[in-house]
Amino acid sequence: MTASATSNETRDPIPLGRRIQEILEEKGAAYLVGFFANRIRFNPHRLVSILQSAVVPSPEDLEQIAKGLGITVERLTREDTQERLERLHELLQSQGASEETVLVAEELAALSLGATERADAYCLLGRAYYAAGKLEEAHEAFLKSYRLYEPVFELYQDSERMYRFTHNLSITYTVRKEYSGLADLLKRVESFSWDDPVKAGSTFFASAVAQYELGQLDDAKRLFQKSLTAYRETDNREYIGRGYYNLGRVQYLTGELQAADSSLESALHELAADSPFRIKAVEMLIKARIHLGELESAMRLIQEHEPELHKRPQVLAYLYLLHAYKSEDLKALGDVLAMEIVEREWKASGYKYLMKHYSEHGDSLAVMTYFQYYLQTDQDSSSFEDLFQRRD
């Protein structure tokens, strides 16, 4: 065995000095550095230098330290688990849900020593449980991983690991619809200094989603803006476009239609034609234009993007209906209701709306015409206005 500055360098490296320090701390007060050095008759200054990674320990150093900790050198350097760790990564990438995956992950978690190795092991165990469909076990493992590593992160600022642990835990919080727990988690990590704007952007995005689900739209908007600001530090136009879309969507929902229009226009400028978010941004921009009273512009957008919108017929029908309704163009509304893409509930409500209007204006012929159409829908329905409120 050769001396190395890190344990298990091939994957998830942990500086050896830090690993020794973490194992000492885990063993308690009797293993304080000074006491430990005296007990194993090790030069205390050299031990401190090793812990601070200022000195690479020799094989003799490692033998003496491992013996004092009551473990093997292979356990100290993690060489004893390297093959199983590599096997686990292979299983997670290929099969994921096999019994062997969970078994290997559980073995590694049981063998782990020190906060960082334990956090890594429980993170992998959570992934194995998640792949096996064991959501509760996965969540508990991810939660343990995060809690083990949170105080370590404050010391070493290892953002790669912290992002991984936070990301996995946020997934299980979201799947469980525990948005309060998710919001609390992400509030703690908002202040972290990420060394990667994509990680910062995705963290703010997840936090924004949690606030949105909790009904805190102003907080969601603030966080979507921070997410966009982070993404704009990258050259990834897809992330930037999604950032603009997310911000525009919440601006629309809070009634800031002009701001939403601007954000959604920017989203379309950034998003590629094959981006799944592009058609969503188109839909939201058309709705914003309609509510702003920019009806001609909205219709141009509908017609320009009609081939794409035809892939989402219910959305296209809704946009045509909303445009006709807001335009107060009853003939156009009747024409739209006749389209095959319009759902029966919308047809029934629309024909009732037209019957009411023409009845109030004494046009019995029109009332009878739309009554016949209404009977064909065979549908109990809400009012037309209620349907628009529910859909928007």
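For segment 173-194, how many residues meet the condition of being surrounded by 12 or more Cβ atoms within 10 Å (Cβ to Cβ) and outside any helix (DSSP H, G or I)?
5
Quick check, is Glu60 modelled with pLDDT of 95 or more, out of contact with any Cys (no Cβ under 6 Å at 6 or more places or on another chain) and among the charged types (D, E, K, R)? Full working, then the answer.
Values: modelled with pLDDT of 95 or more: yes; out of contact with any Cys (no Cβ under 6 Å at 6 or more places or on another chain): yes; among the charged types (D, E, K, R): yes.
For Glu60, the condition - modelled with pLDDT of 95 or more, out of contact with any Cys (no Cβ under 6 Å at 6 or more places or on another chain) and among the charged types (D, E, K, R) - is met.
Is it the case that Leu365 is part of a helix (DSSP H, G or I), buried (at least 20 other Cβ atoms within 10 Å of the Cβ) and modelled with pLDDT of 90 or more? Please lay out each step first, then the result.
On the way: part of a helix (DSSP H, G or I): yes; buried (at least 20 other Cβ atoms within 10 Å of the Cβ): no; modelled with pLDDT of 90 or more: yes.
So Leu365 fails the test.
Quick check on segment 154-162. Is at least one of its residues more than 23 Å from Arg222 (Cβ to Cβ), among the polar types (S, T, N, Q) and more than 16 Å from the chain's Cα centre (by Cα)? Write out each step before concluding.
Here is the first cut: in segment 154-162, the residues more than 23 Å from Arg222 (Cβ to Cβ) are 154-158, 160-161.
Now drop any that are not among the polar types (S, T, N, Q), which leaves 157.
Checking the rest, the ones that are also more than 16 Å from the chain's Cα centre (by Cα) come to 157.
Yes - at least one qualifying residue is present in segment 154-162.
Within segment 84-92, can one find any residue that is touching a strand residue (DSSP E or B) at 6+ places or on another chain (Cβ under 7 Å), closer than 19 Å to Phe165 by Cα, crowded, with 18+ Cβ neighbours inside 10 Å and assigned by TED's automatic domain parsing to the domain that holds Lys144? Break it down into steps so the answer makes sense when it comes.
So in segment 84-92, the residues touching a strand residue (DSSP E or B) at 6+ places or on another chain (Cβ under 7 Å) come out as none.
Scanning segment 84-92, I find no residue that is touching a strand residue (DSSP E or B) at 6+ places or on another chain (Cβ under 7 Å), closer than 19 Å to Phe165 by Cα, crowded, with 18+ Cβ neighbours inside 10 Å and assigned by TED's automatic domain parsing to the domain that holds Lys144, so the answer is no.
Given (1) modelled with pLDDT under 95; (2) within 24 Å of Tyr156 (Cα to Cα); (3) part of a helix (DSSP H, G or I); (4) of a type outside the set (A, V, I, L, M), identify the lone condition not met by His89.
Only one criterion in (1) modelled with pLDDT under 95; (2) within 24 Å of Tyr156 (Cα to Cα); (3) part of a helix (DSSP H, G or I); (4) of a type outside the set (A, V, I, L, M) is unmet by His89, namely (2).
Inspect segment 200-214 for any residue being over 13 Å from the mean Cα position of the chain (by Cα), at negative phi and of a type in the set (A, V, I, L, M) and give the result as yes or no.
The answer is yes, given that some residue of segment 200-214 is over 13 Å from the mean Cα position of the chain (by Cα), at negative phi and of a type in the set (A, V, I, L, M).
Looking at segment 252-267 only, could you name the residues that are free of Cβ contacts under 8 Å to residues at least 24 places away in the same chain and among the hydrophobic types (A, V, I, L, M, F, W, C)?
Result: Ala259, single match.
List the pairs whose first member sits in segment 181-200 and is touching a residue at least 12 places away in the same chain (Cβ under 8 Å) and assigned by TED's automatic domain parsing to the domain that holds Asn168, whose second member is surrounded by 14 or more Cβ atoms within 10 Å (Cβ to Cβ) and not in a helix (DSSP H, G or I), and whose Cβ atoms are under 7 Å apart, counting only residues at least 6 apart or on separate chains?
The qualifying pairs do not exist here.
Taking the options Ala267, Ala230, Ala260, Ala281, name whichever one is hydrophobic (A, V, I, L, M, F, W, C), surrounded by 19 or more Cβ atoms within 10 Å (Cβ to Cβ), closer than 30 Å to Leu148 by Cβ and not assigned by TED's automatic domain parsing to the domain that holds Tyr163. Full working, then the answer.
Numbers: Ala267 fails: closer than 30 Å to Leu148 by Cβ; Ala260 fails: closer than 30 Å to Leu148 by Cβ; Ala281 fails: closer than 30 Å to Leu148 by Cβ.
None of the others qualify; the one that does is Ala230.
Hey, any hits in segment 251-263 for a residue that's on the phi < 0 side of the Ramachandran plot, touching a Phe, Trp or Tyr at 6+ places or on another chain (Cβ under 7 Å) and hydrophobic (A, V, I, L, M, F, W, C)?
Taking segment 251-263 and keeping what is on the phi < 0 side of the Ramachandran plot, we get 251-254, 256-263.
Filter once more, so that each one left must be touching a Phe, Trp or Tyr at 6+ places or on another chain (Cβ under 7 Å): 260, 263.
Now narrow it down to the ones that are hydrophobic (A, V, I, L, M, F, W, C): 260.
Yes: one or more hits.
Can you work out which of the residues in segment 246-281 that are among the acidic types (Asp, Glu) and not in a helix (DSSP H, G or I) is nearest to Arg232 (Cα to Cα)? Don't jump to the end; show me each part of the working.
Residues of segment 246-281 among the acidic types (Asp, Glu): 256, 261, 265, 270, 274.
Okay, now just the ones that are also not in a helix (DSSP H, G or I), so 256, 274.
Details: Glu256: 22, Asp274: 20 Å.
If we take residues in segment 246-281 being among the acidic types (Asp, Glu) and not in a helix (DSSP H, G or I), then Asp274 is nearest to Arg232 (Cα to Cα).
Working only within segment 33-57, note down all residues that are within 14 Å of Leu69 (Cα to Cα), in a loop (DSSP other than H, G, I, E, B) and among the hydrophobic types (A, V, I, L, M, F, W, C).
Ile40, Phe42
The values are calculated or read from the model by the stated rules, or taken from the named source; none is laboratory data. Just so you know, these numbers come straight off a predicted model, no measurement behind them. Positions of Cβ are generated from backbone atoms using ideal geometry, with glycine treated the same way; all protein chains shown enter the neighbour counts.
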